[in-house]
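The values are calculated or read from the model by the stated rules, or taken from the named source; none is laboratory data. Predicted model only: the values in this text are computed from it and were never measured. Every residue, glycine as well, gets a Cβ built from its backbone with ideal geometry; the counts of neighbours run over all protein chains shown.
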Amino acid sequence: MYQTTVKFDGMICGMCESHVNDAIRNNMPVKKVSSSHKKGETVIVSENKLTSEMITAALEGSGYTVMNVTCEPYEKKDFFRKNK
């Protein structure tokens, strides 16, 4: 699993977050996607690595500009294991 963090320009409200999330979900196989207009970023969890090109293509024509993409291995946090 991988966690991809995408920095955006152009997200200014909650509706923008929804538009970005929907575009990502509809164009890429992802497990989870969450956007924050306040941080100007989207965090995506997926089985496979996502590239800047894939994300840019998914958002083409949306009005949002991809500024930076980082992808790193993701491990689901085990709440119960930490608190034993």
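Couple of notes before you dig in:
- In segment 23-65, the residues that are in contact (Cβ under 8 Å) with a residue 40 or more places away in the chain, more than 14 Å from residue 8 (Cα to Cα) and not β-branched (Val, Ile, Thr): 46, 47, 48, 49, 50
- Hits in segment 31-62 - residues which are small (Gly, Ala, Ser), closer than 16 Å to residue 17 by Cβ, in contact with a helix residue (DSSP H, G or I) (Cβ under 9 Å, 6 or more places away or on another chain) and at pLDDT 90 or above: 34, 35, 36, 58
- When residues of segment 65-76 are limited to those that are part of a loop (DSSP other than H, G, I, E, B) and exposed (fewer than 14 other Cβ atoms within 10 Å of the Cβ), the one modelled with the highest pLDDT: 75
- Within segment 18-38, the only residue that satisfies the criterion of being within 18 Å of residue 60 (Cβ to Cβ) and of a type in the set (Lys, Arg) is 25.
- Residue match in segment 49-64 (condition: on the phi > 0 side of the Ramachandran plot and either buried (at least 17 other Cβ atoms within 10 Å of the Cβ) or not aliphatic (A, V, I, L, M) (or both)): yes
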